[in-house]
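Inspection log for the structure reproduced underneath, given as structure tokens.
The values are calculated or read from the model by the stated rules, or taken from the named source; none is laboratory data. Keep in mind that this is a model prediction, so the values were computed, not measured. Heads up, the Cβs are rebuilt from the backbone with ideal geometry, glycines too, and the neighbour counts pull from every protein chain shown.
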Amino acid sequence: MRSPQEEAALAVVDRMKEGWQKLDGELILSLFHDDAVMQSMMKEPYRGKAEIKAMLDGFFAVATRVEMEVLNRRVEDNVVTLERRDHFTARGKSGVLPAVGIFEIEDGLIRTWREYYDWGMYERQIAD
């Protein structure tokens, strides 16, 4: 049985997933602490809402579809792990990207989000 803290953490991540699927950057951004950190592990982290917003704006300028197919979802205390296949369309090209996201939730908001995926695989799928 999950604790109330775990249920709340899952709800935040489920809402974030909804934001990506709706291509709603404002919804996604609203789920982060002001000083949150988001990092695709092969890149430098985005620190704070301004940097996260710039990343989201850049992605949504080229993306027209994001569907997160969750393969496994785990929560322990305030940490949620999602193993996913992200189905996307960006720059007019469709692809699938396996990924794992680790979310640390604090006070009902995302404090840190670490993403593990193959950046090269993504780039090859959207290359001209």
Selected residue (criterion: nearest to Met1 (Cα to Cα)) from residues of the range 70-128 that are hydroxyl-bearing (Ser, Thr, Tyr) and part of a strand (DSSP E or B): Thr81
Selection within the range 23-65 - free of Cβ contacts under 8 Å to residues at least 12 places away in the same chain and out of contact with any strand residue (DSSP E or B) (no Cβ under 9 Å at 6 or more places or on another chain): Asp24, Glu26, Glu44, Ala50, Gly58, Ala61
Some residue of the range 33-43 being closer than 18 Å to Arg91 by Cα, touching a Ser or Thr at 6+ places or on another chain (Cβ under 8 Å) and either of a type in the set (A, V, I, L, M) or modelled with pLDDT under 95 (or both): no
Among residues of the range 4-30, those that are surrounded by 13 or more Cβ atoms within 10 Å (Cβ to Cβ) and touching a helix residue (DSSP H, G or I) at 6+ places or on another chain (Cβ under 9 Å), counted: 12
